[in-house]
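The values are calculated or read from the model by the stated rules, or taken from the named source; none is laboratory data. The shown structure was predicted, so the numbers you read here are calculated from the model rather than taken from an experiment. For neighbour counting, all protein chains shown are included, and Cβ atoms are generated from backbone atoms with ideal geometry for every residue, glycine included. Each accessible area value is taken on the protein alone, full model and side chains, heavy atoms only, with ligands, DNA and RNA left out. Shrake-Rupley method; radii C 1.70, N 1.55, O 1.52, S 1.80 Å.
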Amino acid sequence: ASRQVKTYVSNEKVEQNPNEWRSLSWEVIKEATSILGEKAKNIQYITVTTSASCLVVLDKNGQSLRNAILVSDTRSIEEAKMLSNTVEFQKIQARTDCKSSPDLMLPKIMWLSRHEPNIFQKAAHYLNVGDFLTNQLTGAYATDTNNALKFHYVTEEQSYPLDLLSALEIEKNSLPEVRQQGTKLGYILPKVADELGLPRKSQFVLSTYDALAAVVGNGAF
């Protein structure tokens, strides 16, 4: 099953509404479980695979504060340049060869801080679209290691760049917990499982973003 999502485009700005992602995803899942009928009782696992680097901003109650800034949005090009000039980023770049560009998450958050300070002050969680839907299904704030790289996660240390986050006034706890692909985050929330026609025993398995999932799904390795 599928649904079309509305995209809001204005020059360099490209946005979508996270609440629409949820409502349409729910429609898709309910349609699929309805078609399956009694066979839906056999569903054991569910996962989410989406685009990467789409910034979702939530408040302390888990409510969306604004439209999501998509990966193709380029409004934070100035912030990306500013980030590349920071000592903290240059130290990370020397070790990981990472870039600073508007398609990644930290420049987007920097743009938010500079241009929408009221939203920035209220922000309690910065997520990708897949992390957002994971939260809606399980209540967890979690991401996989590949999605975490979009926040400049340092794989060899298994940590976000704490000095860099501090310099940008971004709280570490506002970023999702990083887990390995294949991790079982637990059962689908009972209320959500009932609403979607899923068994309450269905477990959520963390996967990764679309491009990498496609490579695995195609049997390329």
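Can you give the extra length, in nm with one decimal, that the chain gains between K60 and K13 once fully stretched, where that is 0.36 nm per residue apart less the Cα-Cα distance? Walk me through the numbers on the way to the answer.
Working: separation 47, 0.36 × 47 = 16.92 nm, distance 2.57 nm.
Taking 0.36 nm per residue and subtracting the Cα distance, the gain is 14.4 nm.
Entry comment: accessible area of the chain is 52 Å² per residue, from protein heavy atoms only and a probe of 1.4 Å. Note on E157 and A220: the model spin-label points, each 7 Å out from Cα along the C-beta direction, lie 3.0 nm apart.
Solvent-accessible area of W26, probe 1.4 Å, all protein chains present, reported in Å² to the nearest ten, please. Here the accessible area works out near 10 Å².
Solvent-accessible surface (1.4 Å probe) assigned to R22 amounts to roughly 70 Å². The loop-placed GluC sites (Glu not before Pro) in region 152-221, going by DSSP, that have at most 13 neighbouring Cβ atoms within 10 Å of their Cβ come out as E169, E171.
If you sort S113, S202 by accessible surface, 1.4 Å probe, largest first, the order is S113, S202. How much of M82 can a 1.4 Å solvent probe reach, expressed as accessible area in Å² and rounded to 10? Rounded to the nearest 10, the figure is 80 Å².
Which one of G130, G37, G197 has the biggest mean-square fluctuation once the chain is modelled by GNM with Cα springs under 10 Å? Among G130, G37, G197, the largest mean-square fluctuation in the Gaussian network model of the chain belongs to G37. May I ask you to list the aspartates and glutamates whose Cα is less than 14 Å away from that of K172, ignoring any residue fewer than eight positions away on the same chain? Filter leaves D163. The aspartates and glutamates within cross-link reach of K30, meaning a Cα-to-Cα straight distance under 17 Å and a gap of 8 or more places when in the same chain, are E20, E38, D194, E195. Between S72 and D210, the contour length at 0.36 nm per residue exceeds the Cα-Cα span by 48.2 nm.
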